[in-house]
């Protein structure tokens, strides 16, 4: 791109970039600036808008808010970890074990559920799991259960739903790092006396670390910011921080409070990712390549 | 003499393709054994069977008289140096070399001592903390060898480890590797398609073709007394003269080429008159413009088609009706033959004992 820009006039480049720059600026940068401004304003006793940080203080004053946030962050971390545990063997199987001619097909199988929207997929799960759903029907039919049980609307169902919706975003970066892993490294480790466990721990995971980190960031962010899955599968008991933000905007119509929560979510999730990168010794610029 | 590695009628087939076909050999303790063959001849498969990455379809492999069947690579007393070395890029030099020792649960101080000893041995003292991608090709080579040698394997297997190096470095590493092998006294099994590597380093060389061993011999015998036309062609340069045996008695045979020249051959091999045969002459066995009084010399009149100047290895390409292919002749650079130029007609000759003649099946 840069050589092209140097070789010819830069004008065509700007013409083509204008729509995307406008889009970024008008739909992302501007609203964020406005939200940020809004989060620092409250209505005083006379009904005038004044500058204040009390929207942010509210988050720490009410335990329900920061408890919900901690819960959300913890569950997002658990979801990320579970997704990783499932995706690592899947990616390894597709790139290293499966016959080469099936690799494309297997990747396609992974991709297929993502051809329909998240909402449809979640409703699919709900049809399977709810009290009058498919699984309950068969369990009762076969005499395993006396009467149907409600499998939806708890943390387990919600976690499963989140893992399911975000798995692809972990598998894809893992597929590419696993693909770049030279088979002979695994053989060499085997030849030098390691067992399967040390090969995974000393060779595969260190090699896959950039992919693990980038997949984890995406999955963590997607889970943390997910509204649909916790709401539909977690039900009333599974509080999610995005629901709090939604409530402030839509139910309480308190946009100032809502935008403060939004920014807190942004800052805190960035902080968690920063800590995660530090702990695993990865660099953001390398991970997002 | 103790036998470290013994391979007994080993075959390996992949579906209908036979990669290794009934191969047997023994390697004595402390020897440098090479398997030389063109790419795709099955030598890598053979090596991977010894290392344990493939199971033989038939036959057995013994290391120090112990059958290796169903023993996985991590439990075999052999180590393999991979073609592309397979150093672990996520570890430094010390961790790479100490990897196998750590798997044996040796103590940290013990590992550190052994690593620094072996680095000394491969001429890389003080390289412990270096990253793998900071090393040059030759240094990587030595680290890979150190990583395997530090485990003190019964047999060290090497899968064309010099292939990736440039020519100068390869020549240097050849000598170094041979020296190192003599110092440590470990049995080496080395596979290569480069005949010079095999000849320079080995005590014994097996020439492999299409899954079979054509000949197992010392490098000298391989060169001077090839057992088959394939070995004659594959090891070193050779000139092929096809023809028909017209007479044979008492160690002397006569070959008539298609163009009618009769060539005298002194050989121990039984050649029956009437069979088709091929005579192989080394480029350096050919005498240029031989003196008239020399006895038992086969003489041919040839046309110089080109001069391939390559310093000490300068060669002449000549055309002769006796062969369809051009003949290759070494041209000594002692100024005696400076007058020879392209399109000249010259006489060449060779001693009756110089060639190797094989009857065609």
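Nothing in this text is a laboratory measurement; each read-out follows from the coordinates by a stated rule. Keep in mind it's a predicted model, so treat the numbers as computed, not measured. Note that each Cβ is placed from the backbone with ideal geometry, even for glycine, and that neighbours are counted across all protein chains shown.
Comparing A:272, A:250, A:212 in a Gaussian network model of chain A, where Cα atoms under 10 Å apart are tied by springs, the biggest mean-square fluctuation is seen for A:250. Legend: mean number of C-beta atoms from other chains within 10 angstrom of residue C-beta atoms, peptide A:194-205, equals 2.
Between residue A:29 and residue A:93, the modelled label-to-label distance comes to 4.6 nm, taking each label 7 Å out from Cα in the direction of the beta carbon. Put simply, when B:120-127, A:254-261 are sorted by average Cβ atoms within 10 angstrom per residue, most first, you get A:254-261, B:120-127. May I ask you to derive the FRET efficiency for residue A:246 and residue A:86 from their Cβ-Cβ distance with R0 = 41 Å, giving the value to the nearest 0.05? Rounded to the nearest 0.05, the efficiency is 0.90.
Computed from Cα atoms, the angle from the helix B:93-103 axis to the main principal axis of chain B rounds to 70 degrees. Multiplying the residue separation of residue B:337 and residue B:249 by 0.36 nm and removing their Cα-Cα distance gives an extension gain of 28.0 nm. Rounded to the nearest 10 degrees, the angle from helix B:137-149 to the longest Cα principal axis of chain B is 60 degrees.
In the range B:9-38, which residues have a backbone nitrogen under 13 Å from the label point lying 7 Å from residue A:105's Cα in the Cα-to-Cβ direction? Counting backbone N atoms under 13 Å from the label point, the list is empty.
Give me the angle, in degrees from 0 to 90, between the Cα long axis of helix B:167-184 and the longest principal axis of the Cα atoms of chain B, rounded to the nearest 10. That helix lies at roughly 60 degrees to the long axis. For peptide A:52-65, compute the average count of partner chain beta-carbon atoms within 10 Å of each residue's beta-carbon. Counting Cβ atoms of other protein chains within 10 Å of each residue's Cβ and averaging gives 0. For the segment B:82-90, counting C-beta atoms of other chains within 10 Å of every residue's C-beta and taking the mean gives 5. How far is the Cα center of the range B:165-210 from the Cα center of the range A:31-88, in Å? Spelled out, the Cα-based centre of one part sits 68 Å from the other.
If R0 equals 22 Å, the separation of the Cβ atoms of residue B:305 and residue B:262 corresponds to a calculated FRET efficiency of about 0.35. When a/c reaches 1.5 or more, the comparison of a/b and b/c decides; with that in mind, is the range A:24-87 rounded, prolate or oblate per its Cα gyration tensor? Taking the square roots of the gyration eigenvalues as a ≥ b ≥ c, the range A:24-87 is oblate. Spin-label pair residue A:155-residue B:9: with each label point 7 Å from Cα along the Cα-Cβ axis, the two points sit 6.7 nm from one another.
The listed peptides A:128-136, B:94-102, ordered by packing as a protection proxy, come out as B:94-102, A:128-136 (highest mean of other Cβ atoms within 10 Å first).
Counted residue by residue at 0.36 nm each, then reduced by the alpha carbon distance between them, the extension gain from residue A:17 to residue A:134 reaches 37.1 nm. Considering only B:51, B:69, B:206, the mean-square fluctuation computed in a Gaussian network model of chain B, springs between alpha carbons under 10 angstrom, is largest for B:69. For the peptides A:161-167, B:5-11, the ranking by packing is A:161-167, B:5-11, with the highest mean count of neighbouring Cβ atoms within 10 Å listed first. Assuming a ≥ b ≥ c are the square roots of the Cα gyration tensor eigenvalues, decide whether the range B:185-343 counts as rounded (a/c under 1.5), prolate (otherwise, with a/b larger than b/c) or oblate. Oblate is the answer for the range B:185-343, as a/c is 1.5 or above yet b/c matches or exceeds a/b. Computed extension length for residue A:54-residue A:146: 27.8 nm, one decimal, from 0.36 nm per residue of separation with the Cα-Cα distance subtracted. The ranking of B:339, B:204, A:32 from fewest to most other beta carbons within 10 Å of each one's beta carbon is B:339, A:32, B:204. For the range B:84-118, the residues whose backbone nitrogen is under 17 Å from a point 7 Å from the Cα of residue B:152, taken along Cα to Cβ, are B:98-118. Which of B:265, B:287, B:340 ends up with the largest GNM mean-square fluctuation for chain B, with Cα atoms connected below 10 Å? Largest GNM mean-square fluctuation: B:340.
Counted by neighbouring Cβ atoms within 10 Å, the residues A:233, B:182 run from fewest to most as B:182, A:233.
Of the residues B:208, A:196, the one with the fewest other Cβ atoms within 10 Å heads the list, and the complete ranking is A:196, B:208. For chain A, what class follows from the C-alpha gyration tensor (a ≥ b ≥ c being the square roots of its eigenvalues): rounded when a/c is under 1.5, otherwise prolate if a/b is larger than b/c, else oblate? Oblate, since a/c reaches 1.5 and b/c is not below a/b. Taking 7 Å steps out from each Cα toward its Cβ at residue A:197 and residue B:28 produces label points 4.5 nm apart.
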